[in-house]
Amino acid sequence: MSTRTAFHPYAWTLWLAAGMTAALVTRNPLYLLILLTAAGFLYAVLLRRAQNQQEDAAQGSPLAWRVIVRLALFLWAFTILFNALTVHVGDHVLFSLPSSWPVIGGPITLEAVIYGFITGLNFVSLILLFAIYNSVLGPHTILRMIPGFAYQAGVAISIAISFAPQTVIAWSEIREAQRLRGHKVKGLRDTLPLFVSLLSYGLDRAIRLAESMDARGFGGRILVADARERWLIRLSAVLGLMLLLGGLVAKSYYRSLPWAGLGLLIAGALLLGFSLWRGGRRVKRSRYRRWLWRPRDTMLAAGSGALLAAVLLLSWLRPMTLFYYPYPPYDILPDFNILPGLLFLLPLLPALLLPPVEKPTA
């Protein structure tokens with residue numbers, strides 16, 4: 001069974017939401033390292049399966065995202081170095097640079113190194129989770145999951161998602177063709193033909209995409225709403241936005257009534273969602289193949305939902321559990337609780353639930 005059909009796309013979407021929420025909410029490096037380790041192991045498993053199944057990198061497999069992941073690791077190292085050289089705050093001084101040096105002159109502290117490490121850790125975790133999600137689903141599946149009211153934005157999102165791996169693949173193919181022709185890159189000026197070829201490849205791909213969408217009648221099956229339907233959509237949208245604004249004001253200025261602000265936010269979100277749902281009903285779609293929901297999808301959704309709920313509850317009820325700040329007056333050593341640590345291992349769940357690899361037939 002292919003990795004793309006191993007889990008339901010909505011189960012993968014819940015997995016992504018849980019993982020990204022966990023990476024964004026906490027700044028504790030221990031929890032983030034556990035999350036990154038789980039995501040890295042899952043990515044390695046998916047990469048190994050893609051190699052065994054001889055998947056094409058051009059179809060958005062994990063093979064197409066290796067360069068992006070490596071670039072994220074490089075930016076992680078750069079973030080640590082940049083923060084250490086530009087922020088001269090902290091009690092634990094590692095060494096000092098001459099104060100006459102602009103910007104970087106002064107003490108290099110352990111706190112600045114740790115803060116840069118945590119910032120890069122957040123960034124790499126998000127990139128890795130995003131790479132896993134896009135490699136197992138691909139832009140076509142993501143476009144299919146976009147609600148009807150946002151189908152035009154969904155096309156732009158799917159094109160933007162596929163741009164990076166497609167550019168990396170095109171770069172590799174152009175470099176291989178040039179090497180076969182005996183072309184050697186000796187300097188920066190020799191890379192100019194590469195960028196010209198990449199530009200022509202991108203333009204050609206955009207033209208082919210526009211022609212294929214026009215041939216399939218994209219955007220041509222939108223029903224015209226009557227006056228009553230239009231007023232219902234507009235009124236619910238306006239009321240929803242007003243309730244959201246009122247909820248934000250209540251939570252900001254009337255903190256003695258926290259549940260009132262939360263109630264207004266929930267009501268506004270429901271009304272706005274109703275407006276978008278009614279507007280999306282005008283877009284007619286065809287379903288040629290239904291997605292199957294299997295028991296392993298239930299297990300993945302349950303584990304991801306548990307992580308998402310736990311992280312949100314901890315950030316709401318006990319925010320100091322996930323809080324960490326290395327600079328004074330806070331302690332430089334992060335706190336660690338075994339239960340949240342185990343919860344941050346849940347993104348590893350797909351690697352444990354994946355079905356056996358089917359060997360390609362000759």
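Tabulated data
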| item | result |
| --- | --- |
| Sole residue being touching a Pro at 6+ places or on another chain (Cβ under 6 Å), modelled with pLDDT of 90 or more, part of a helix (DSSP H, G or I) and assigned by TED's automatic domain parsing to the domain that holds Ala39, chosen from Ile80, Ile127, Ile118, Ile161 | Ile118 |
| Residues of the range 310-322 that turn out to be part of a helix (DSSP H, G or I), in contact with a helix residue (DSSP H, G or I) (Cβ under 9 Å, 6 or more places away or on another chain) and within 22 Å of Trp15 (Cβ to Cβ), as a count | 5 |
| Residues of the range 320-344 satisfying the condition of being β-branched (Val, Ile, Thr) and farther than 21 Å from Ser125 by Cβ | Ile332 |
| Looking only at the range 6-49, and only at residues there that are without any contact (Cβ under 8 Å) to a residue 60 or more places away in the chain and either hydrophobic (A, V, I, L, M, F, W, C) or not assigned by TED's automatic domain parsing to the domain that holds Leu345 (or both), the one that is surrounded by the most Cβ atoms within 10 Å (Cβ to Cβ) | Leu47 |
| Yes/no for Tyr330 being without any contact (Cβ under 8 Å) to a residue 12 or more places away in the chain, in a loop (DSSP other than H, G, I, E, B) and not charged (D, E, K, R) | yes |
| Conditions (1) surrounded by 13 or more Cβ atoms within 10 Å (Cβ to Cβ); (2) within 26 Å of the chain's Cα centre (by Cα): number failed by Pro326 | (2) |
| Tally of residues being under 25 Å from Leu32 (Cβ atoms), surrounded by fewer than 17 Cβ atoms within 10 Å (Cβ to Cβ) and in contact with a helix residue (DSSP H, G or I) (Cβ under 7 Å, 6 or more places away or on another chain) across the range 82-109 | 4 |
| Contacts under 7 angstrom Cβ, first residue in the range 188-211 being over 19 Å from Ile157 (Cα atoms), partner at pLDDT below 70, 6 or more apart | Thr191/Val185 |
| Cross-chain or 6+ apart pairs with Cβ under 8 Å, the range 250-268 first and within 17 Å of Gly240 (Cβ to Cβ) and in the same structural domain as Leu239 (by TED's automatic domain parsing), then assigned to a helix (DSSP H, G or I) and among the charged types (D, E, K, R) | Gly261/Lys251; Leu262/Lys251; Leu265/Lys251 |
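The values are calculated or read from the model by the stated rules, or taken from the named source; none is laboratory data. Predicted model only: the values in this text are computed from it and were never measured. So basically every Cβ, Gly included, is an ideal-geometry build from the backbone, and we count neighbours across all protein chains shown.
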